[in-house]
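Following: one structure in structure tokens, then a few remarks.
The values are calculated or read from the model by the stated rules, or taken from the named source; none is laboratory data. Note that the structure is a prediction, hence the values are computed from the model and not measured. With ideal geometry, Cβ positions are generated from the backbone for all residues, glycine too; neighbour counts draw on all protein chains shown. Protein only, heavy atoms only, side chains kept; ligands, DNA and RNA dropped before computing areas. Shrake-Rupley method; radii C 1.70, N 1.55, O 1.52, S 1.80 Å.
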Amino acid sequence: MSEKFKAPRGTFDVLPEQQPIRRRIVEVARRWLEAAGYGRMDTPIFEDTDLFARGVGESTDIVQKQMFTFEDQGGRSLTLRPEATASVCRAYLEHGMQTRAQPVKLWTEGPFFRHERPQAGRYRQFTQVNAESIGSDSPLVDAEMILLASDIVAELGVEGVRLRLGSLGTPETRAAYLDELRTYLRSHEGGLSEEVRGRIDANPLRAFDAEHEGTRQVMEDAPTLMDRLDPADAEHFAEVRALLDRNGVSYDIDPTLVRGLDYYTRTLFEFECERLGAQSGIGGGGRYDGLIEQLGGPATPGCGWALGVDRIALALEQEEGAAAAEADEQRDGVFVVAEDSGREQALTLVTELRRTGIPADLDLAGRAHKGQMKQADRVGARYALILGGDGKATLRDMSSGEEREVDPATLVETLSSP
Ligand code: HAM
């Protein structure tokens with residue numbers, strides 16, 4: 001017997017009943033972004049592998065082990081996009097957007113691919129809404145970005161959301177700081193857990209997350225990157241914070257916030273939903289002032305974020321009533337109920353209704369009258385149009401049960417007039 005096919009590991013189908021919640025997430029984001037001057041742009045699903053190697057960063061987990069990379073028939077190495085920022089920056093350069101009014105604000109939405117170990121909320125194909133603002137280093141940009149993400153998440157009704165905020169400074173400050181932290185950890189090695197001790201070189205920041213009591217004591221007095229920021233970076237961060245405060249966004253300063261992409265400089269943030277368990281990050285982003293130069297362009301600052309559509313959908317589905325509210329697609333359209341002899345007329349009527357923009361449906365499975373009425377209810381029709389054999393028809397309001405005689409020939413007018 002042949003084996004049954006299943007969706008590949010880490011991927012899933014989105015069934016019709018799962019569409020409304022996802023559609024709403026993208027629609028609410030689109031509305032906020034376009035009202036704030038962001039234009040939609042789409043980039044290809046695959047790009048030169050080097051774009052991500054250079055853009056996302058050779059040393060990141062994404063580039064080292066999570067990319068879906070393949071060779072095309074011309075021997076070029078291509079990779080399914082693991083994120084959008086590198087692609088959007090490539091497009092900014094390719095289309096000479098430096099000559100447009102700055103900053104250039106762009107948003108996009110679609111599937112992204114990372115070969116991660118699948119678990120609830122972590123997939124190999126996932127959906128992001130992504131926004132970038134390229135060409136200005138003003139703290140107003142960082143604040144605008146964070147405010148938009150925060151307002152989108154709030155309008156969607158995601159509960160238990162926390163915003164973690166930090167600043168990374170420049171790559172130079174960061175490298176000097178990591179050396180200082182390693183030296184500090186080595187000089188307190190005796191108090192550290194074995195695990196943290198083993199990772200001093202590879203990932204000294206891990207020590208801040210340790211549960212181990214001795215390690216926690218050592219970390220209480222450890223230097224933090226935010227204490228080591230350049231005056232200009234520190235001032236930039238203070239301004240971002242002041243702007244968020246003015247606009248009523250609350251956040252937790254997290255001096256140890258790290259994100260899995262190399263391009264970040266200065267502001268860094270992550271939105272977490274406490275209800276989601278291990279994969280609680282519903283969105284995140286930050287400033288990337290060196291990325292465009294890294295990709296071969298002129299020094300150009302940028303800032304952006306991505307929201308995880310799948311995780312936000314999971315969070316909303318968990319909320320009581322939210323799913324029901326989503327499914328509450330109000331009754332709409334007409335279901336034409338016909339005897340066997342009236343089926344051709346039913347298709348003609350349905351076609352006429354559809355051509356005037358009225359949703360319409362009919363029985364395609366040879367159901368008896370009762371079965372057709374049931375189907376009209378199941379598909380959420382507002383009316384059932386019951387064709388009689390005598391050229392007359394009855395229009396039944398599916399919510400109230402009210403019925404009236406109508407003339408099928410003037411049905412469109414009947415339905416169009418309130
Ligand atoms: P990221 O933090 O890697 O950032 O991804 C953003 C969001 O996408 C995450 O918070 C999460 O909700 C969702 N996400 C990421 N990986 C997965 C996965 N395997 N399964 C399900 N959801 C996932 C970026 O991608 C940056 N490009 C954001 C950015 C834009 N920074 C500046 N501009």
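The single condition from (1) within 12 Å of the ligand (Cβ to nearest atom); (2) modelled with pLDDT of 95 or more; (3) of a type outside the set (Ser, Thr, Tyr) that Ile62 fails is (2).
Once region 48-70 is narrowed to residues that are in contact with a Ser or Thr (Cβ under 6 Å, 6 or more places away or on another chain) and not aliphatic (A, V, I, L, M), the residue that is farthest from Phe126 (Cα to Cα) is Thr49.
Exactly one residue among Ala238, Ala222 is farther than 30 Å from Glu116 by Cα, exposed (fewer than 15 other Cβ atoms within 10 Å of the Cβ) and not charged (D, E, K, R), and that residue is Ala238. Select from region 339-364 the residues that are closer than 18 Å to Val379 by Cα, surrounded by 10 or more Cβ atoms within 10 Å (Cβ to Cβ) and small (Gly, Ala, Ser) and list them in ascending order. The answer is Ala346, Ala360. Might you check whether a residue that is under 28 Å from Glu239 (Cα atoms) and touching a Phe, Trp or Tyr at 6+ places or on another chain (Cβ under 8 Å) occurs anywhere in region 106-123? There is at least one residue in region 106-123 that is under 28 Å from Glu239 (Cα atoms) and touching a Phe, Trp or Tyr at 6+ places or on another chain (Cβ under 8 Å). Within region 1-14, the residues that satisfy the criterion of being modelled with pLDDT of 95 or more and open to solvent by 40 Å² or more (accessible area, probe 1.4 Å) are Phe5, Lys6, Ala7, Pro8, Arg9, Thr11, Phe12, Asp13, Val14. Only one entry in Asp377, Asp332 is in a loop (DSSP other than H, G, I, E, B) and open to solvent by 60 Å² or more (accessible area, probe 1.4 Å), namely Asp332. Given the structure, is Arg367 open to solvent by 70 Å² or more (accessible area, probe 1.4 Å) and under 37 Å from the mean Cα position of the chain (by Cα)? No: the conditions fail for Arg367. Reported count of residues in region 116-136, each being over 15 Å from Met41 (Cα atoms), touching a helix residue (DSSP H, G or I) at 6+ places or on another chain (Cβ under 8 Å) and either charged (D, E, K, R) or near the ligand (Cβ under 9 Å from one of its atoms) (or both), is 4.
Checking each residue in region 245-301 for being assigned to a helix (DSSP H, G or I) and under 22 Å from Ile62 (Cβ atoms) picks out Leu276, Leu291, Ile292, Glu293, Gln294. One residue stands out among those in region 254-295 that are at pLDDT 95 or above and of a type in the set (A, V, I, L, M, F, W, C): the one that is farthest from the ligand (Cβ to nearest atom), which is Leu295. When Ser133, Ser87 are checked against the criterion of being touching a Pro at 6+ places or on another chain (Cβ under 7 Å) and surrounded by 22 or more Cβ atoms within 10 Å (Cβ to Cβ), a single residue qualifies: Ser133. Look at (1) touching a residue at least 24 places away in the same chain (Cβ under 8 Å); (2) more than 16 Å from the chain's Cα centre (by Cα) and you find that Glu83 fails only one, number (2).
Could you go through region 352-360 and let me know if any residue there is closer than 30 Å to Glu317 by Cβ, outside any strand (DSSP E or B) and within 44 Å of the chain's Cα centre (by Cα). There is at least one residue in region 352-360 that is closer than 30 Å to Glu317 by Cβ, outside any strand (DSSP E or B) and within 44 Å of the chain's Cα centre (by Cα).
Scanning region 394-415 for residues that are in contact with a Leu (Cβ under 9 Å, 6 or more places away or on another chain), within 21 Å of Glu339 (Cβ to Cβ) and not β-branched (Val, Ile, Thr) yields Leu395, Arg396, Glu403, Arg404, Glu405, Pro408, Leu411. If you go through region 287-300 and keep only what is in contact (Cβ under 8 Å) with a residue 60 or more places away in the chain, in contact with a helix residue (DSSP H, G or I) (Cβ under 8 Å, 6 or more places away or on another chain) and not aromatic (Phe, Trp, Tyr), you end up with Arg287, Gly290, Leu291, Ile292, Gln294, Leu295, Gly296, Gly297, Pro298, Thr300. Entry remark, region 15-54: residues being surrounded by 13 or more Cβ atoms within 10 Å (Cβ to Cβ), without any contact (Cβ under 8 Å) to a residue 60 or more places away in the chain and either in a loop (DSSP other than H, G, I, E, B) or of a type in the set (Ser, Thr, Tyr) (or both) number 1 in total. If we scan region 173-185, do we find a residue that is closer than 29 Å to Leu243 by Cβ, among the small types (Gly, Ala, Ser) and at pLDDT below 95? So far as region 173-185 goes, yes, one or more of its residues are closer than 29 Å to Leu243 by Cβ, among the small types (Gly, Ala, Ser) and at pLDDT below 95. Inspection of region 91-113 identifies at least one residue that is near the ligand (Cβ under 9 Å from one of its atoms), open to solvent by 20 Å² or more (accessible area, probe 1.4 Å), in contact (Cβ under 8 Å) with a residue 24 or more places away in the chain and within 23 Å of Arg54 (Cβ to Cβ).
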